[in-house]
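Before any comments, here is the structure.
Readers should treat all values here as calculations from the given coordinates under stated rules, not as data from a laboratory. What you see is a predicted model, and the numbers here were worked out from it, not measured in a lab. Glycine gets a Cβ as well: all are built from the backbone with ideal geometry, and neighbour counts include every protein chain shown.
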Amino acid sequence: MRRTIARKIKDFVTFPLRAFTLFHEDRWGLSSLASERFDYVAAEVTGYCLDVGCGYGNRFVKEYLNGNGKGIDLFPYEGLTEENVVPDLAHFPFADESFDSVTFIANLNHAPEPQRDAELAEAWRVLKPGGNIILTMGLPITELIVHRVVWLYDRFFGTHVDMDSERGMEEGETYFLTEDEIRQRLARAGFRRVTRKPFVTQWGMNRLYVGWKE
Ligand SMILES: C[S@@+](CC[C@H](N)C(=O)[O-])C[C@H]1O[C@@H](n2cnc3c(N)ncnc32)[C@H](O)[C@@H]1O
């Protein structure tokens, strides 16, 4: 599932086309936005991984980590089992220090604002010392456009690419987090050495953040 250099070059050049048409599934020899973010995040995972807010089919753990981890979500999306569905994401059903990495892919904004610190504190608790947290978040303008585009796409084509519409957004959820908010919340949860890396093939409009439990 890892992308070759040739594929990355094609993805870079075709980003505007992909941004409006390829949301979850690869097509025409090009990567979807989902495959791409999973690929960037997988490169940072250091071992057994918890993917919080995994979405349809627990794809990240199954397809990008060869099953080496657990995916959890509060909504029973297609392809999730009972084990994956955790209605209260402020409390993870796992023992302390049981994972090497914890990921929040395109979703910390979907934790209601008052619950975000609690979820990051849970990530800290379940990580082993020396483990890392990886989260992705687009630039605010990107997130606003993407949420609008997928909503319109589903309306016009009768598809279900917008996971948020299927679940229904709750009070306190937002369309994006600013970099300041991400850094402040990660620091409050105890994460150190936080770095930011752009998704080059998305022209830097999406990024990931990595922090460490020292
Ligand atoms: C845009 S989707 C991203 C799904 C998947 N991580 C991906 O990258 O394709 C946002 C996800 O956040 C999940 N979510 C909802 N509430 C959440 C919460 N409190 N904490 C973390 N994720 C949450 C949703 O159910 C949904 O699966």
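Numerical summary
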item: Sparse-neighbour loop sites [GluC sites (Glu not before Pro); segment 1-73; at most 11 other C-beta within 10 Å; DSSP]; result: 25
item: Full-stretch length increase - residue 88, residue 197 - with 0.36 nm per residue and alpha-carbon distance subtracted; result: 36.3 nm
item: Dipole magnitude of the chain, debye to nearest 20 (Cβ charges: Lys/Arg +1, Asp/Glu -1, about Cα centre); result: 1100
item: Segment 109-143-segment 169-207 distance, computed between alpha-carbon centres (Å); result: 8
item: Dmax and Rg, reported as Rg then Dmax, of the chain (C-alpha, Å); result: 16.3, 48
item: Residue 63-residue 118 FRET efficiency (beta carbon distance; Förster radius 22 Å; 0.05 resolution); result: 0.15
item: Projected label distance in nm at residue 157 and residue 8, using a 7 Å step from Cα toward the beta-carbon; result: 2.7
item: Length released on extending from residue 180 to residue 78, taking residue separation times 0.36 nm less the Cα-Cα span; result: 33.3 nm
item: Angle in degrees between helix 116-126 and the longest Cα principal axis of the chain, rounded to the nearest 10; result: 60
item: Extension reserve of the residue 149-residue 48 stretch, reckoned as 0.36 nm per residue once the Cα distance is removed; result: 33.0 nm
item: FRET efficiency estimate (nearest 0.05) - Cβ-Cβ, residue 173 to residue 128, R0 41 angstrom; result: 0.85
item: In the chain, lysine pairs with alpha-carbon atoms under 29 angstrom apart (chain gap of 8 or more, or interchain); result: 15
item: Kirkwood Rh, angstrom, segment 1-52 [1 / mean 1/r, Cα pairs]; result: 11.7
